[in-house]
Amino acid sequence: MALQGIRTIPVLTAGVASAVLAALTPATAFAAADPLQQYERQGLRWERCDAQRPEEFECAKVKVPLDYGDPGGRRIDLAISRIKASNAKERHGVLLINPGGPGGPGLTMPVEMQPLLPAGVRERFDLIGFDPRGVGQSSPIGCDLTADEQTFQHPYAAATFARDVARARTVADKCWAKAGDVLPHITTRNTARDMDVVRAALGERQISYFGHSYGTYLGAVYTQMFPRRSDRFVLDSALDPALAWRGSLRGWSAGAELAFTRWTEWAAARSSTYGLGRTPGEVRKTFWDLIAHADRTPVPTTGGALDGDAIRSGYAAFVRVETVTPWIVALKAAADGGAPAPAGPAEPGAAAAGESAPNRPNTAPSGAFGAAVPADNIPAVAWAVFCGDTRNWPRDPERYRRDAIRDRAEYPLAGDLGAGIVPCAFWKSAATEQATVVDNDVNALIVQNQWDPQATLAMAQGMRRALHGARMVTVVGGEGHGVVVAGPSCADDSVTRYLTTGRLPAKDLNCRA
C-alpha cells in the first residue's frame, strides 16, 4: 500500500512493461526503460577542492534524483572528491570511502586515508570521497536542534521520563517542520543508489569500497542492491545488518557489559598500582560506590561536575583498560575531596582519531565546496537514517520505558542508555521501503577489533553471517572503534593483499594486537 503523500518506487510486471514500451517511440521507450540515464551519463566538472590542500585533490558535483521513484522530478547535488591513482599503468579502478555516522562527511576522506593506505593500494585506485545525501556539501539538512536535543542518549529515570518523551517528540517535530520534504529520501538505500550513480558518472563498470562503522552497513546494502557492480569491499568495524537500527543501539549495552567485566579483571590484577580492589568483585563495588556517591554529590572534573549517569554515559571508554583505569582512580580521588579529575580518559593517540571519525567536525574545503552547513547536520541526518531506514520502531513510549528498565537490569552499566525513547517513536512517516535484508555471496573483507564499543565483535560476526562470500580478520585484544582508520594493525597485510590482488584469505583469521 502506498503511503499518502509519499511517492513509492513503481514496479511493473514484465507483461505490463512490454505493453507500455511497445506503445512508445524507440527514443521514448529507451528513456522509459532507463530513467536514470540522464544521471549516469552526466559530465563531471572537476576543480581543485581547496588552495590549502594538495593540488591533486579534486572535487566535483554530481546530480542525483531526490526521489528515485520519480527520476524526472527534483534533483539534488552530491559533492564528491578524488585523488587519482598514482600509477596509471597499474590502475584497477575507484575506491569509494565512507567514514561512518550516519551523518559523517566524507568529502575529505581521500586526503585523510591516503597516508593510511600502502603505496600498492594508492597506485591502483582513484580514492573517491563523498558527502552522502543530506550531509556536508551534499544538499545538507538541519533541524535547528538545541545542544540538549542533539545529545544522542539519555539515561532512564521515572522522574525524568516525561521530559525525555517530550524531547524526543520535539526533535521529530522540528526535523519534519524544517526538512519534511527531504527526510523520507535520506536513507541508506538511497545513498547506495547515489553511489551507483557516482559509479556510472565516473565511467566505471564496478566500484571498490572502504567503509568504517555505519559505512560498513552502507557498503553491505550496496552489495545487496548491486551485487554485480561490487568489486573489492573492505568493511572496518562492522555492524550487524539484521539489527538495524533499534537492535544496534541496544546491542551497545551488551558489549559495554562485557568490556566492563574485562576491565574489573584487569584492574584487580593490578590492585597494587591502582588500588581499586584485589578481586573483580571488589573493583566492581568500588565503581558502583563511586556512581552512588556521584548521584548524591556530582564529582568535580576539569570539564564540570559529573553525576553517576554522566559517568555511566562514558561506557565506551571501558574497552581501553589502560586509559580508563587512571580516570576512574582520579574520579574516586576527586569524590574523596581531592583535585578535580580530568574531564575524561586520556586520548590513546592515533586510535582516538579512528573512534571520532563518524562524528568528526565537517572539515569541508573552502570555496565552491565550502558552503555553510547547519550546526546540527550530523544528528539531523543520523535520525533521518535511523528512523527512515526501517519500519520496526515502536510507537508507544511505554514500550521504551519497559525496555529501558529491563535492559538496565540486565546490563547495569548502559542498558537504559541504549533502550531509551528516541525521535523515531514520533517520526511523521514510516519508512518508504522495507529495511534491506543483507544475504549474499559478494566478496568482502571484514576487519574487526575484539574490543570495540560501537561496532561490537558480536555485531561484526552478524555481518559475517550475512555476507557468505566474505572473510573476517579479528584483531584479538584490539581495542577501540576502528582498525585500518586507527593506523598500523596486524590486519594490514590482509587488507593490502585483498585490495591489490582481489584475493581474500582462505578462511577467517585471528591476529593479535
**Fill in**
Within segment 40-60, restricting to residues that are part of a loop (DSSP other than H, G, I, E, B) and touching a Leu at 6+ places or on another chain (Cβ under 8 Å), the one that is nearest to Ala200 (Cα to Cα) is Leu44
**Prompt:** So which of Arg262, Arg278 ends up being among the basic types (Lys, Arg) and touching a residue at least 40 places away in the same chain (Cβ under 8 Å)?
**Reply:** Arg262
**Residues within segment 478-513 that are within 19 Å of the chain's Cα centre (by Cα) and among the hydrophobic types (A, V, I, L, M, F, W, C), tallied** = 4
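Every residue, every condition in (1) over 12 Å from Tyr156 (Cα atoms); (2) hydroxyl-bearing (Ser, Thr, Tyr), yes or no:
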| residue | (1), (2) |
| --- | --- |
| Thr390 | yes, yes |
| Pro394 | yes, no |
| Arg399 | yes, no |
| Ala404 | no, no |
| Asp407 | no, no |
| Tyr411 | yes, yes |
| Ala414 | no, no |
| Gly420 | no, no |
| Trp427 | yes, no |
**Message:** Of everything in segment 178-206, what is part of a helix (DSSP H, G or I), under 18 Å from Val135 (Cα atoms) and hydrophobic (A, V, I, L, M, F, W, C)? Give them in sequence order.
**Reply:** Ala179, Leu183, Ala192, Met195, Val197, Val198
**Request:** Among the residues of segment 308-327, write down those that are without any contact (Cβ under 8 Å) to a residue 60 or more places away in the chain and under 13 Å from Ala341 (Cα atoms).
**Result:** Ile311, Pro326, Trp327
**Fill in**
Within segment 431-463, residues being more than 19 Å from Val221 (Cβ to Cβ), assigned to a loop (DSSP other than H, G, I, E, B) and of a type outside the set (D, E, K, R) number 2
**Item:** Odd one out for Asp231, checked against (1) under 22 Å from Gln461 (Cα atoms); (2) part of a loop (DSSP other than H, G, I, E, B)
**Value:** (2)
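Residue by residue, here is whether (1) outside any helix (DSSP H, G or I); (2) of a type in the set (D, E, K, R) holds:
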position: Asn392; (1), (2): yes, no
position: Ala404; (1), (2): no, no
position: Arg408; (1), (2): no, yes
position: Ser429; (1), (2): yes, no
position: Cys490; (1), (2): yes, no
position: Asp493; (1), (2): no, yes
position: Thr500; (1), (2): no, no
**Request:** Report yes if some residue within segment 196-210 is farther than 22 Å from Gln42 by Cα and of a type in the set (A, V, I, L, M, F, W, C); otherwise report no.
**Result:** yes
**Asked** From the list Tyr315, Tyr274, which residue is of a type outside the set (Gly, Ala, Ser), under 24 Å from Gly480 (Cβ atoms), within 34 Å of the chain's Cα centre (by Cα) and crowded, with 16+ Cβ neighbours inside 10 Å?
**Response** Tyr315
**Message:** If the requirement is being under 28 Å from Gly219 (Cβ atoms), modelled with pLDDT of 95 or more and assigned to a loop (DSSP other than H, G, I, E, B), which of these qualifies: Gly106, Gly120, Gly129?
**Reply:** Gly106
**Request:** Could you please let me know if Pro488 is surrounded by fewer than 21 Cβ atoms within 10 Å (Cβ to Cβ), without any contact (Cβ under 8 Å) to a residue 24 or more places away in the chain and of a type outside the set (Val, Ile, Thr)?
**Result:** yes
**Request:** State yes or no: is Leu145 in contact (Cβ under 8 Å) with a residue 24 or more places away in the chain and within 20 Å of Cys49 (Cβ to Cβ)?
**Result:** no
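The values are calculated or read from the model by the stated rules, or taken from the named source; none is laboratory data. Remember, predicted model here, so these are calculated numbers, not experimental data. Every residue, glycine as well, gets a Cβ built from its backbone with ideal geometry; the counts of neighbours run over all protein chains shown.
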